[in-house]
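K.L.:
Pasting a structure below so you can have a look.
The values are calculated or read from the model by the stated rules, or taken from the named source; none is laboratory data. Remember, it's a predicted structure, so these values are computed and weren't measured experimentally. Please note: Cβ atoms are built from the backbone with ideal geometry, for glycine as well, and neighbour counts cover all protein chains shown. Surface areas here come from the heavy atoms of the whole protein model, side chains and all, with no ligands, DNA or RNA. Shrake-Rupley method; radii C 1.70, N 1.55, O 1.52, S 1.80 Å.
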Amino acid sequence: MTTNQEIVSTAPPVNLTINGQPVQGRPGQTVLEAAAAAGIHIPTLCHHPALPPEGSCRVCLIEIERQRGLQPACAFPVAQGMNVRSDTEKVIAARRFALQMIFSERPHYCMFCQVSGGPAETDCELQRLAYEHGIDCWDYPPDAAKPWPVDASRRYFVMDHSRCILCRRCVRACAAIAANHTLGVLHRGTRSMICADDDAPLGESSCVSCGTCLQVCPTGALIDRTAAYRGHAVTGRRTRASCLGCAVGCGIEAVTRGNQLLRIDGDWTAPNGGLLCVTGRFEALDSGRHRVTTPMLRRNGALEPVGWDEALTAVAGRLRTAAGVGGLASPRMTTEALVAFTCFFNEVLNSDEVGLLRGEVPPLDLGATATLADVARADCIVIVGGDPLENQKVLGYLAKRALDRGARLVVVSDAATGLDDRAHLRLRLDSVAHAGATPFELLRYSYHLRLDGISQLRSQIQTAARPVVMYGGGLSTAVHAALRALPDKTRFLPLIEGANAAGAARLGLAPRPLRQEVLYVLIGDDLPNGHALPAADFTIAQAAYHTSWTEKADALFPARTWAEKEGSFLNIEGRECTLVPILEPPHHIEPDWVTLTRLAAAMDRPFMLGAISDNADSPLARPKEATRPS
Amino acid sequence: MKKTLASDWLAGCSGCHMSLLDLDERLLALVEHVDLTATPITDLKRPAEAGVDIGLLEGAVNNSSTETVARRMRRCCKTLVAFGDCAVFGGIVTLRNRVPAADALRRAYIETETTVDGRIPRDEELAVIQPARPVGDVVAVDVCLPGCPPASDAIEHVLAELIAGRTPSLKGTLLDWH
């Protein structure tokens, strides 16, 4: 649809009349879009602005002069001289009848549905329309005794078919937004049911739990296990922020009430276009973690809660006497926290032994950087040594969306990737590694006649108009050289691992082995996921949760979670994403940089954070202006 | 000539009648215009068989007993109001429809956590269980007053319209059946 509009944007406008009001539309626009642009409200139900029109619910029916019968406004294109009415008795009766038919299909018992509410607060679009149309009873009551299946086989959300109105928004979202094609419709007519794959339970299907269907469902058919029955989303506080799950940096809209995070929606206006993955939408809300609420010191083998002053004094004393201190930070740290951490090591401890706990940043200078939008509209996608579908999921979904539109896919990797079965061309890394390499390598590869890979890759890119290369870390310089030599039109996207690993790299921080007497780890709300900390005689940790990492700590400072943080990070596009505090932190839990400045003060070596940035407006300079805790 | 009003409850929670009491001081104005003949919440009861102008039924029909009550009210009144979500749509009572009646009875009388040596009551005088359904599925309903419970403002509106001889129509904030 986007391309369609681009093509026709120079065409003359289409003049039509809606409810007697002259309206100017663009060719290719639907009557609904033209009406909305002119401020005329036509009720809809199955339609969603982010999805292709379906025209299945018949709620948006309109009367068009010289058209037989009533037509759906969401799917009917505008035409010159068209005379449309959405307010006649016939239209309103038809709309009301369509709603009554929807209510007759399945038992929509609002009173035990989580989205049900009064006219001002309901989250249900069907209920809202029923209120607007004065529906006070069912003209054709559904079969009250007929049972409807409930599919609770997924961890994060449930499907209750009794509330489904078969609008197919979920089916369209799964196909057009997530490009996953799990959902479909089984049977026809009154037997129609939303189903996954070939009628598999959702939890055993190809569903990736991205939750896009949940975000677009107009009724309570899809039930968010976290948010259900905790108040209406429309009356909750909505905060636009960024997801800190990975380096894609998706825009999110967090719904909170009473300092509780209820649900996370994808931000329709952000570059990810409403799309999120299971990590960003659901795992970020996963409760059951044990919060670190006070500073703690190890005494007689066990961590014991202590006051801030006592903990700061003890840690400052230990740091003063240490022969060597190493520091590791999680890539989930904001740039501001990483700056403070680096400063703390450089200026207070006079040490360069600072690095990242984990993360991977490939070289960023291979060519022009691609944006997420470039990926979605690419006509040739090359993945070199990485697996976006696993590690940068939304990027993987965007790539699949491009493939659905006919883009070609080349996967260059020695390991299996999630997109292998969609690849038009599958190459090994060494087959593209010769060009521009050292004379020795050139000789070696020429000798083995390994020229096929790079020439095939080049021809794929040469025939494409908008090629995008996504490349992972750990590639040889020979592969980098081959990628640098690709045509200028190629856009590159590094498959960075670790939300702010790019921001860390800009500060010179990268994963590194450390062997020091004292280890200082900036963990934040990061989770070990099986990784162990390097051994040290004394370990100091700043962490939000008790994990296997903090079990090893000798001193522990509490830290804020991603939802409580303010700051910024750099995503895979090199774009600065803003973290907006969504929740109030528990009392006495300070930003990471504040804890570090307090510790420096306790060591009698206060440091200035503003000094490292020459731009006073830079977010890096912001900590300087903030007030210190008393 | 004052109009007469009777009410009764079927499978409901009595919440709709509580909402009727929420008319508070407006109840005094109500009884100036209408005679309450028989309701489950008043002591003085005139037999409904004498006939009333307005009949209110709260709750869903869920067994042979509630079906009898619903049919009797329909016979006795000129205008029958389905009073509340259970009467209009079936409501919370219909949750039981999701399991077979035998399972529901076993869960209620035998498997309850506090029950010892439970048994399902069987007696020919006891009502026979039926799928729960709205009043409109059993008898003809003239006016629907949905809500769980209906707000006292909505009740006042419907009764005032009926007393004035008009057909009530719920709009705006008065129509609220969540």
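K.L.:
Count the lysine pairs in the protein assembly as shown that are 8 or more places apart or on different chains: how many have C-alpha atoms under 30 angstrom apart?
P.N.:
Here the count comes out as 14.
K.L.:
With the other protein chains left in place, how much accessible area per residue, in square angstrom, belongs to the protein assembly as shown at a 1.4 angstrom probe? Don't skip to the answer; put the middle values down first.
P.N.:
Working: 35750 Å² over 808 residues.
Normalised by residue count, the accessible surface of the protein assembly as shown is 44 Å².
K.L.:
Related question: Roughly how far apart, in whole Å, are the Cα centres of the stretch A:216-291 and the stretch A:313-335?
P.N.:
Rounded to whole Å, the Cα centres lie 34 Å apart.
K.L.:
If you look at just the Cα atoms of the stretch A:48-124, how large are its Rg and its Dmax in Å?
P.N.:
Reported Rg and Dmax, both Å: 15.3, 48.
K.L.:
Next question, about the same structure. Could you give the dipole magnitude of the stretch A:1-120 about its Cα centre, charging the beta-carbon of Lys and Arg +1 and that of Asp and Glu -1, in debye to the nearest 20?
P.N.:
Computed about the Cα centre, the dipole is about 240 debye.
K.L.:
Name the residue farthest towards the positive end of the dipole of the protein assembly as shown from the options A:V594, A:I177, A:S459, assuming +1 on Cβ of Lys and Arg, -1 on Cβ of Asp and Glu, about the Cα centre.
P.N.:
Value: A:S459.
K.L.:
Now for a different question. Is there a simple number for the mean count of other chain Cβ atoms within 10 Å of the Cβ of residues in A:134-144, and what is it?
P.N.:
Across A:134-144, the average partner-chain Cβ count within 10 Å equals 6.
K.L.:
Roughly how big is chain A's charge dipole about its Cα centre, with Cβ charges of +1 (Lys, Arg) and -1 (Asp, Glu), in debye to the nearest 20?
P.N.:
960 debye
K.L.:
In terms of solvent-accessible area of protein heavy atoms at a 1.4 angstrom probe, what is the ranking of A:M608, A:M111, B:M18, highest value first?
P.N.:
Sorted descending by solvent-accessible area, the residues read A:M608, B:M18, A:M111.
K.L.:
Name the long-range amide H neighbours of B:N63: under 5 Å, sequence gap of 5 or more, or other chain; modelled H, no Pro or chain starts.
P.N.:
B:Q130
K.L.:
If you don't mind, there's one more thing I want to ask. Can you tell me what percent of all Cα-Cα pairs in the protein assembly as shown are more than 46 Å apart?
P.N.:
For the protein assembly as shown, the share of Cα pairs beyond 46 Å comes to 42 percent.
K.L.:
Could you list which residues have their amide H under 5 Å from that of A:G327, counting only those 5 or more apart in sequence or on another chain, with H placed in the peptide plane?
P.N.:
A:V354, A:G355, A:Y520
K.L.:
Using 0.36 nm per residue, how much length does the chain from A:D143 to A:D197 gain when fully extended, once their Cα-Cα distance is taken away?
P.N.:
Full-extension gain reported as 16.6 nm.
K.L.:
Still on this structure: Pop out the ³J(HN,Hα) list for the stretch A:296-306 in order, Karplus 6.51 cos²θ - 1.76 cosθ + 1.60 with θ = phi - 60°, rounded to Hz; leave Gly and Pro as x.
P.N.:
Each residue's phi maps through the Karplus curve to give 9, 10, 7, 9, 6, x, 10, 6, 10, x, 9 Hz.
K.L.:
Follow-up. Name the residue farthest towards the positive end of the dipole of the stretch A:485-568 from the options A:Y545, A:G498, A:Y520, assuming +1 on Cβ of Lys and Arg, -1 on Cβ of Asp and Glu, about the Cα centre.
P.N.:
Working it through, the farthest residue towards the positive pole turns out to be A:G498.
K.L.:
Now for a separate question. Work out the length of the dipole vector of the stretch A:192-283 about its Cα centre, built from +1 on the beta-carbon of each Lys and Arg and -1 on the beta-carbon of each Asp and Glu, and round it to the nearest 20 debye.
P.N.:
Values: 8 positive and 9 negative charges, 137 e Å.
That gives a dipole near 660 debye.
K.L.:
Which far-off residues, 5 or more places away or on another chain, put their amide H under 5 Å from the one on A:F492, with H placed in the peptide plane?
P.N.:
Excluding prolines and chain starts, which carry no amide H, the hits are A:A368, A:T369, A:A370, A:V469.
K.L.:
Tell me, for chain B, which Cys residues have no other cysteine's C-beta sitting closer than 4.7 Å.
P.N.:
Cysteines lacking a close Cβ partner in chain B: B:C13, B:C16, B:C76, B:C77, B:C86, B:C148.
K.L.:
Provide the percentage of antiparallel DSSP beta bridges, counting only those with both residues in the stretch A:442-588; round to the nearest 5.
P.N.:
Counting DSSP beta bridges with both partners in the stretch A:442-588, the antiparallel share is about 20 percent.
K.L.:
Listed highest first by mean packing, meaning other Cβ atoms within 10 Å per residue, what order do A:475-483, A:378-386, A:21-29 come in?
P.N.:
A:378-386, A:475-483, A:21-29
K.L.:
Tell me, what % of the accessible area of chain A is carbon and sulfur with a 1.4 angstrom probe?
P.N.:
Here carbon and sulfur together make up 50 percent of the probe-accessible area.
K.L.:
Compute the semi-axes of the equivalent ellipsoid of the stretch A:187-298, taking the square root of 5 times each eigenvalue of the Cα gyration tensor, and list them largest first in whole Å.
P.N.:
Taking √(5λ) for each eigenvalue gives 30, 17, 16 Å, largest first.
K.L.:
Right, here's the next one. Show me, for the stretch A:489-500, the HN-Hα J-couplings you get by feeding each phi into the Karplus relation (A = 6.51, B = -1.76, C = 1.60, θ = phi - 60°), rounded to Hz, glycine and proline as x.
P.N.:
3J(HN,Hα) across the stretch A:489-500, in whole Hz: 5, 5, 9, 10, 10, x, 7, 6, 10, x, 3, 10.
K.L.:
Can you give the alpha-carbon Rg of chain B over 2.2 N^0.38 Å, where N counts its residues?
P.N.:
After normalising by residue count via 2.2 N^0.38 Å, the value is 1.10.
K.L.:
Using only Cα atoms and rounding to the nearest 10 degrees, what angle (0 to 90) does helix A:393-404 make with the longest principal axis of chain A?
P.N.:
40 degrees
K.L.:
Going by average Cβ density within 10 Å per residue, which order do the peptides A:299-310, B:84-95 take, highest to lowest?
P.N.:
B:84-95, A:299-310
K.L.:
Quick one: angle between helix A:452-462 and the longest Cα principal axis of chain A, in degrees between 0 and 90, rounded to 10, please.
P.N.:
In chain A, helix A:452-462 runs at an angle near 50 degrees to the longest axis.
K.L.:
Could you state how much accessible area is buried at the A-B interface, both sides summed, with a 1.4 Å probe, in Å² to the nearest 100?
P.N.:
Chains A and B together bury roughly 1900 Å² of accessible area.
K.L.:
So, one more: Over the stretch A:336-425, consider all pairs of different Cα atoms and compute the Kirkwood hydrodynamic radius from their mean reciprocal separation; express it in Å, one decimal. If you can, show how the numbers build up before the last one.
P.N.:
On the way: mean 1/r = 0.0642 Å⁻¹.
Evaluated on the stretch A:336-425, it is 15.6 Å.
K.L.:
Any idea which of B:M18, A:A11, A:L356 is furthest toward the positive side of the dipole for the protein assembly as shown, if Lys and Arg beta-carbons carry +1 and Asp and Glu beta-carbons -1?
P.N.:
The residue sitting farthest along the positive end of the dipole is A:A11.
K.L.:
Taking 0.36 nm per residue of separation and subtracting the Cα-Cα distance, what length does fully extending A:A120 through A:Q260 add?
P.N.:
Difference between extended and current length: 48.2 nm.
K.L.:
Net charge around A:A464, counting only other residues with Cβ within less than 14 Å of its Cβ (Lys, Arg = +1; Asp, Glu = -1)? Mind dumping the intermediate values first?
P.N.:
On the way: positive: A:R377, A:R405, A:R408, A:R458, A:R466, A:K489, A:R491; negative: A:D374, A:D379, A:D488.
Once all neighbours under 14 Å are counted, the net charge is +4.
K.L.:
In the stretch A:1-129, what percentage of the DSSP-assigned beta bridges are antiparallel, given to the nearest 5? Don't skip to the end; give the middle numbers.
P.N.:
Numbers: 10 of 12 bridges.
The antiparallel proportion sits near 85 percent.
K.L.:
Same structure again: Along the stretch A:84-95, what does the Karplus equation 6.51 cos²θ - 1.76 cosθ + 1.60 (θ = phi - 60°) give for ³J(HN,Hα), rounded to whole Hz, x for Gly and Pro?
P.N.:
With coefficients 6.51, -1.76 and 1.60, one gets 10, 10, 10, 10, 7, 4, 4, 5, 5, 5, 5, 5 Hz.
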